[in-house]
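K.L.:
Before anything else, here's the structure in question.
The values are calculated or read from the model by the stated rules, or taken from the named source; none is laboratory data. Quantities reported herein were computed from a predicted structural model and do not represent experimental measurements. Backbone-built Cβ (ideal geometry, glycine too); neighbour counts: all protein chains shown.
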Amino acid sequence: MAKYSQEFKLKVVEHYLSGHGDSVTGQIFNVHRSDVQKWSKAFKLYGMAGLELRRSKTTFTVEFKYQVVKAICEEGASLRETMQRFHIKETSTLRDWLKKYKENGIDGLKPKARGRPKSMLKPKITRAQYTQADQDKTHEELLEELAYLRAEVAFLKKRRALIQKQKEQEKVEQQRLQDSYLN
């Protein structure tokens, strides 16, 4: 059950909006002044809907998060304006998205995998899977194939490292551009 009902929050907000300070209101209703401020702000922005109890955590798509971040970075919208425009209740949510976007780009806005990672089992190769052609090869042919396969693996590792390095450079460049937009 929620700690405070919607009716209680409404009483607190009405008392605060009648001209009393947040500290005084908090002392009278035995709540922290930051709660008084938060509830009042939600009430001003969304009316009674701002004081409703949340039944479940709101989840946002990556595209939605990107649109919000883009509104802040490219349009220069303030956090308060963005909250009103996109109907987001907390500035901390926006700050978190901005931080993740600055650090990892759009990938930072993707939800993280939850739970324990699944362990992968290595497939077992049986003797029946070896072809007759492999059994008929000479020792020299097998050594030559082994050298070729080792070279192929080394090439693929080098290619993967180069791609990773390019991605890191792109992230650094993207971060630099974002920093220049924000400053």
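K.L.:
Out of all the residues in the stretch 89-102, is one or more in contact with a helix residue (DSSP H, G or I) (Cβ under 9 Å, 6 or more places away or on another chain), assigned to a loop (DSSP other than H, G, I, E, B) and under 27 Å from GLN37 (Cα atoms)?
P.N.:
Of all residues in the stretch 89-102, those in contact with a helix residue (DSSP H, G or I) (Cβ under 9 Å, 6 or more places away or on another chain) come to 89-91, 93-95, 97-102.
Now restrict to residues that are assigned to a loop (DSSP other than H, G, I, E, B): 89-90.
Those left that are additionally under 27 Å from GLN37 (Cα atoms): 89-90.
There is at least one residue in the stretch 89-102 that is in contact with a helix residue (DSSP H, G or I) (Cβ under 9 Å, 6 or more places away or on another chain), assigned to a loop (DSSP other than H, G, I, E, B) and under 27 Å from GLN37 (Cα atoms).
K.L.:
Given the conditions (1) under 27 Å from ILE106 (Cα atoms); (2) among the charged types (D, E, K, R); (3) modelled with pLDDT under 85, and given that ASP134 satisfies all but one, which numbered condition is not satisfied?
P.N.:
(1)
K.L.:
Just for the stretch 60-107: of the residues that are of a type in the set (Lys, Arg) and closer than 20 Å to GLN175 by Cα, which one is surrounded by the most Cβ atoms within 10 Å (Cβ to Cβ)?
P.N.:
LYS65
K.L.:
Restricting to the stretch 104-118, count the residues that are without any contact (Cβ under 8 Å) to a residue 60 or more places away in the chain and closer than 17 Å to TYR181 by Cβ.
P.N.:
3
K.L.:
Which of the residues that make up the stretch 12-37 are in a loop (DSSP other than H, G, I, E, B) and hydroxyl-bearing (Ser, Thr, Tyr)?
P.N.:
SER18
K.L.:
Could you list all residues from the stretch 45-70 that are modelled with pLDDT of 85 or more and within 15 Å of ASP96 (Cα to Cα)?
P.N.:
PHE60, THR61, VAL62, PHE64, LYS65, TYR66, GLN67, VAL68, VAL69, LYS70
K.L.:
Then there is this: Among (1) modelled with pLDDT under 85; (2) over 11 Å from the mean Cα position of the chain (by Cα); (3) surrounded by fewer than 14 Cβ atoms within 10 Å (Cβ to Cβ); (4) not hydrophobic (A, V, I, L, M, F, W, C), there is one condition SER34 misses while meeting the rest; what is its number?
P.N.:
SER34 satisfies all of (1) modelled with pLDDT under 85; (2) over 11 Å from the mean Cα position of the chain (by Cα); (3) surrounded by fewer than 14 Cβ atoms within 10 Å (Cβ to Cβ); (4) not hydrophobic (A, V, I, L, M, F, W, C) except (1).
K.L.:
Now a separate question. (1) farther than 30 Å from LEU177 by Cβ; (2) assigned to a loop (DSSP other than H, G, I, E, B); (3) modelled with pLDDT of 80 or more: which one isn't true of LEU146, the others all being true?
P.N.:
The single condition LEU146 does not satisfy is (2).
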